[in-house]
Amino acid sequence: MHFSRLLAALLLASLSAFGLWWWSDRPVPVEAEWTKPITSVVFSSFRRGQDPLHKIYPSAEQIEADLEALQGKALGVRVYTAREGMQIVPPIAERLGLKVTLSAALYADEAENEKELAAVIAEANAYPEVIQRVLVGNEVLLRGDLPPEKLIAAIRKVKSAIEQPVSYADQWEWYLKYPDVIEELDFLTIHIYPFWEDVPMPVEQAGDYMVKVVDRIRTAFPGKPLLIGETGWPSLGRDRGPSVVNLVNEARFVREIANVAAQNDFDYNLCEAFDQPWKSGPEGTVGAAWGILDEARQPKFPMTGPVTEVADWPLRATVALTLAALATLGFARRLNSFGALLTFAFIAEILAWLLVTTGFHAAAVTFRVEYYWWLPIRVLLPALLALAFLARARDWLENPSMPAGGNAPWFGTVWMSVSGFYASVWTFLLLWDGRYRDIPEFDFAVPVAGTLLLLALRAFLLMRQGGRLGEALSFVGFFPGFNRYAASALALLLPLAAAAGLLSEPAAMFFTGRDFAAAHPALTDQIPYLAKALFWNREMDLWVLMLLAWSVPFLYSRRPVRAAASLKGERQE
């Protein structure tokens, strides 16, 4: 009879959890559609473990395979150098029927620049049919690598030596700053990233914004052809204000921009062909996930119809349901009442869901080989804490009168404190780097949600027997030997970290924005934007709420405990 109650509780909890998995990962309709190849894509062929910053380049076979993977998906590619193995792109592209936009990679090293210009000129003259146009320099003025007069000299050198039209590529705002450079160009090449704007915007406004920028540039420089040299939307990483990062939004952006470009008669290069793991170094997770194809060179989303955010959700659900079932069968066998069994089964399902989500997310964002060692730790520590939570829940449901602390696992005490300090440090770092650094709600989903679940359970059991709510809102009753000095530190650090998290968005706008201060010179103009930025990032808002909720039991744990209070509310002197 007892076993049948256990199975019934497990079945009910499992069906509910499966329904949640299905509902949260159901296909999302995307209105815009595109049935033709994309005009052009930014082409980099780097795989995991390869990195131009460390001069580890893809092989010729890999480059050829990547160009073949783009057949039927794009009409052309943009490459950023005529060297570093990319000199094989034009002949392969010619065979595959792809057009090439060739860029000269210019930096501060003038000797290297001369070699690059010579290679570009030679390549453009060798493949005049496949290389449609040449870009001399990419965001050189934005980075400050070359003064305008040296850039102009490089442009003139290339123009005098080749037949193709020549341009220079930079962020659209910088075009307005250097009209002397623009006069040298055969066509205009601007980068427009609604996601990276100083005042970012939701994806729903991105298409209209692109049109406004194009119209502004055309008005400033009438009569010259226009190319969008780079634009795109990331599928993974941190949000920027109202610019929400996910696969559905990337699909929406890519489809809409294809339509907008066709309707407004401008050409574009979509950034980019493939996800680039190496970019997670300089730009965080969000920098590595701009491809329309993933690392395995498979399309990340269709160009028509609905889009599924998490395509492998059946696998994740299977793993989570299995873990929850094992936990329930292993921990809950001693529970007798159906209510206790069902409560435990639901807690196990929630923790398993969060743990599996944490693990898959950690695997997805661990792009760099040198950080692989950290991946199992990011999963193991929350798993240990989930076991500690389940042990506590089982003990309280079995014996609601059990004294606080009881025989709970010691590692719960250690990891709860470590998690709190780790979360605080991570969030303070967001204040330093609020543009690229990930917001860590996934990494701490198990500690925070598990804490809230156990607090709610403990409060319910305590209040039902006439105890005081304050006795429930403390980690002292969770785990034995919880250090109240650590609790005092975390009771202060976590709210301070929450404040730092809120400030990170306006700080990133003000200190790392390219033109925010120039566009809004008066303090009275800046304040409304900065104030709005405090609360406009829903991912950050969630993380701040998690930190504040997590700080409550640390706050109550600061109080000295005279003795272990029972859940009946009995107090001993």
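Bear in mind these aren't lab numbers, they're just calculated from the coordinates by the rules spelled out. The structure presented is a predicted model; accordingly, all values stated were derived computationally and were not measured. Note that we place each Cβ from the backbone using ideal geometry, even for glycine, and neighbour counts take in every protein chain shown.
Summed over qualifying helices (DSSP H, 4 residues or more, each -39500 (n - 2.57)) and divided by its residue number, the chain shows a 222 nm mean residue ellipticity of -17000 deg cm²/dmol.
Protection proxy ranking, highest mean first, for peptides 74-80, 309-315: 74-80, 309-315, where packing is the per-residue count of other beta-carbon atoms within 10 Å, averaged.
When only the Cβ of Lys, Arg, Asp and Glu is charged (+1, +1, -1, -1), the dipole of the chain relative to its Cα centre reaches about 2760 debye.
Taken about its Cα centre, segment 211-288 carries a charge dipole of about 240 debye when Lys and Arg each add +1 at the Cβ and Asp and Glu each add -1 at the Cβ. Take every Cα pair under 8 Å whose residues are at least 6 apart in sequence, average their separation, divide by the length of the chain, and the relative contact order is 14 percent. Of interest is the spacing of the C-alpha centroids, which for segment 260-311 and segment 326-345 amounts to 45 Å. Averaging Cα coordinates gives a centre for segment 10-34 and one for segment 85-122; these two points are 47 Å apart.
If only the Cβ of Lys and Arg carry +1 and only the Cβ of Asp and Glu carry -1, the dipole of segment 29-288 around its Cα centre is close to 140 debye.
Net charge of the neighbourhood of GLY19, taken over other residues with C-beta under 15 Å away and scored Lys/Arg +1, Asp/Glu -1, is 0.
Of the peptides 268-278, 36-46, the ranking by mean beta-carbon count within 10 Å, highest at the top, reads 268-278, 36-46. Scaled against the 2.2 N^0.38 Å expected of a compact globular protein of N residues, the Cα radius of gyration of segment 2-151 reads 1.65.
If you sort the three axes of the alpha carbon gyration tensor as a ≥ b ≥ c, you get a/c of 1.5 or more for the chain and a/b above b/c, which makes it prolate.
Contact order for segment 53-211, expressed relative to its length and based on alpha carbon pairs under 8 Å spaced 6+ residues apart, stands at 16 percent. Among TRP22, ALA74, VAL120, whose Cα sits farthest toward the positive end of the charge dipole of segment 1-155 (+1 at Cβ of Lys/Arg, -1 at Cβ of Asp/Glu, about the Cα centre)? Of the listed residues, the answer is TRP22. Counting neighbouring beta carbons within 10 Å and listing from fewest to most, the residues GLU64, GLU349 come out as GLU64, GLU349. Let me know the shape class of segment 29-288, please: from the alpha-carbon gyration tensor, a ≥ b ≥ c as square roots of the eigenvalues, rounded when a/c is under 1.5, otherwise prolate if a/b is greater than b/c, or oblate. Rounded.
Please report the net charge: other residues with Cβ closer than 11 Å to the Cβ of GLU539, K and R +1, D and E -1. Net of charged neighbours comes to -2. Evaluated over the Cα positions of segment 1-80, the convex hull gives a direction-averaged projected area, one quarter of its surface, of 10.8 nm².
Please state the relative contact order of segment 250-338 as a whole percent: Cα pairs under 8 Å, 6+ residues apart? Relative contact order comes out at 19 percent.
Legend: helices of the chain (whole DSSP H runs) are marked when their alpha-carbon atoms reach 27 angstrom or more along the helix axis and their mean Kyte-Doolittle hydropathy is at least 1.6; marked are 338-365, 445-464.
Considering only ALA423, TRP373, ALA13, and ranking their Cα positions along the charge dipole of the chain that arises from unit charges at the beta-carbon of Lys, Arg, Asp and Glu, the one farthest toward the positive end is ALA13.
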